[in-house]
1. Which members of region 65-87 meet the condition of being part of a helix (DSSP H, G or I) and loosely packed, with under 11 Cβ neighbours inside 10 Å?
2. Which one of these is out of contact with any Pro (no Cβ under 9 Å at 6 or more places or on another chain), modelled with pLDDT of 90 or more and open to solvent by less than 100 Å² (accessible area, probe 1.4 Å): 47, 19?
3. Can we say residue 94 is modelled with pLDDT under 70 and open to solvent by less than 80 Å² (accessible area, probe 1.4 Å)?
Amino acid sequence: MKKLTKHLIVAAVLLAGFAAALGSYLLLRPDDGSVSGGPDVRPAARAMPVRESSHRLTDPADSELTLVEFLDFECEACGAYFPVVEKLLSRSTVVVT
């Protein structure tokens, strides 16, 4: 009877170790990116801050520079920076409509 108990304990420990190893693998494995609807993670070199679907205040015909303003109405820093952006817009040749 002692021998059977010893074998059952060894089997239970091995089974628990296998379950822990399998669980760790399933939790910590790297994502393969095959899940559709996931985040769009492209390298920064190919990232486009201004996309075709972006809201634009102006659409200059010929420009070497694109100024993109991200605004949060509740952000104190955005509120403090707003006069600087308005000054830049007033000095530019582009008319905001």
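The values are calculated or read from the model by the stated rules, or taken from the named source; none is laboratory data. Just so it is clear, the model here is predicted, and its values are computed rather than measured. Cβ coordinates were reconstructed from backbone atoms using ideal geometry, including for glycine residues, and neighbour counts include every protein chain displayed. Note: areas computed on protein heavy atoms with side chains; ligands, DNA, RNA excluded. Shrake-Rupley method; radii C 1.70, N 1.55, O 1.52, S 1.80 Å.
1. 76, 77, 80, 83, 84, 87
2. Only one candidate qualifies: 19.
3. yes
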